1. Output the residues belonging to segment 93-129 that are farther than 12 Å from Leu38 by Cα and polar (S, T, N, Q).
2. Could you check segment 93-143 and list, in sequence order, the residues that are closer than 18 Å to Leu77 by Cβ and hydroxyl-bearing (Ser, Thr, Tyr)?
3. Among Val99, Val82, Val90, which is out of contact with any Gly (no Cβ under 8 Å at 6 or more places or on another chain), at pLDDT 85 or above, among the aliphatic types (A, V, I, L, M) and part of a helix (DSSP H, G or I)?
4. Name the single residue, out of those in segment 35-62 being crowded, with 21+ Cβ neighbours inside 10 Å and touching a Phe, Trp or Tyr at 6+ places or on another chain (Cβ under 9 Å), that is modelled with the highest pLDDT.
5. Would you confirm, using the coordinates I've provided, whether Ile104 is within 16 Å of Gly40 (Cβ to Cβ), under 14 Å from the mean Cα position of the chain (by Cα), part of a helix (DSSP H, G or I) and β-branched (Val, Ile, Thr)?
6. Across segment 71-94, which residue is surrounded by the most Cβ atoms within 10 Å (Cβ to Cβ) among those that are in contact with a helix residue (DSSP H, G or I) (Cβ under 8 Å, 6 or more places away or on another chain) and over 15 Å from Ala43 (Cβ atoms)?
7. Going by what's in this entry, would Leu65 be described as modelled with pLDDT of 85 or more and either among the hydrophobic types (A, V, I, L, M, F, W, C) or over 21 Å from Ile121 (Cβ atoms) (or both)?
Amino acid sequence: MSETQQRPVASNSTYTPRPQATGWVGYVVFAGVMLIMLGGFQAIEGLVAIFRDDYYLVTQRGLLLTMDFTAWGWTHLILGAVAVIAGIGVLLGQTWARVTGIIIAVLSALSNIAFLPAYPIWATIIIALDVLAIYALAVHGREVQY
């Protein structure tokens, strides 16, 4: 074909151009990395609670929910492992990972609210990072899909 000739376009074409990625892709990648990092933090927090019950100091009133630190440790360890897997999935653009990441971040924030009396600064930092990850995944997560 010469340069002046054009190929005819089929009228039944279902091709739709992909929307252009915005600067929010960086925030979604940030959310995926944060999920991996938060998962690691949760796992460390869980392992400490499992193996060293006396490490965490609790106020006179105790935890929000009365549970043994070993039970809290297993909760944090499981949340951490799932968060790491979801974070890797988010970086790979998987929809299931976005949904799982949001759910895990919500559960992580809730478990850390209950854990505030034992370790207030650490729990507050984790909650803040969970909120950032939830926002990035919920609002702009689709931009990373392949």
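1. Gln94, Thr95, Thr100, Ser111, Thr124
2. Within segment 93-143, Thr100, Ser108, Ser111, Tyr119 qualify.
3. On the way: Val82 fails: out of contact with any Gly (no Cβ under 8 Å at 6 or more places or on another chain); Val90 fails: out of contact with any Gly (no Cβ under 8 Å at 6 or more places or on another chain).
None of the other options fit; the residue is Val99.
4. Taking segment 35-62 first, the residues crowded, with 21+ Cβ neighbours inside 10 Å are 35, 38-39, 42, 45-46, 49.
Next, from what is left, pick out any that are touching a Phe, Trp or Tyr at 6+ places or on another chain (Cβ under 9 Å): 45-46, 49.
Working: Glu45: 83, Gly46: 86, Ala49: 81.
Selected residue: Gly46.
5. Values: within 16 Å of Gly40 (Cβ to Cβ): yes; under 14 Å from the mean Cα position of the chain (by Cα): yes; part of a helix (DSSP H, G or I): yes; β-branched (Val, Ile, Thr): yes.
Yes.
6. Per the stated criteria, the residue is Val90.
7. Numbers: modelled with pLDDT of 85 or more: no; either among the hydrophobic types (A, V, I, L, M, F, W, C) or over 21 Å from Ile121 (Cβ atoms) (or both): yes.
No.
The values are calculated or read from the model by the stated rules, or taken from the named source; none is laboratory data. Since we're looking at a predicted model, the values are computed, not measured. Counting neighbours? That spans all protein chains shown, and the Cβs are built from the backbone with ideal geometry, glycine included.
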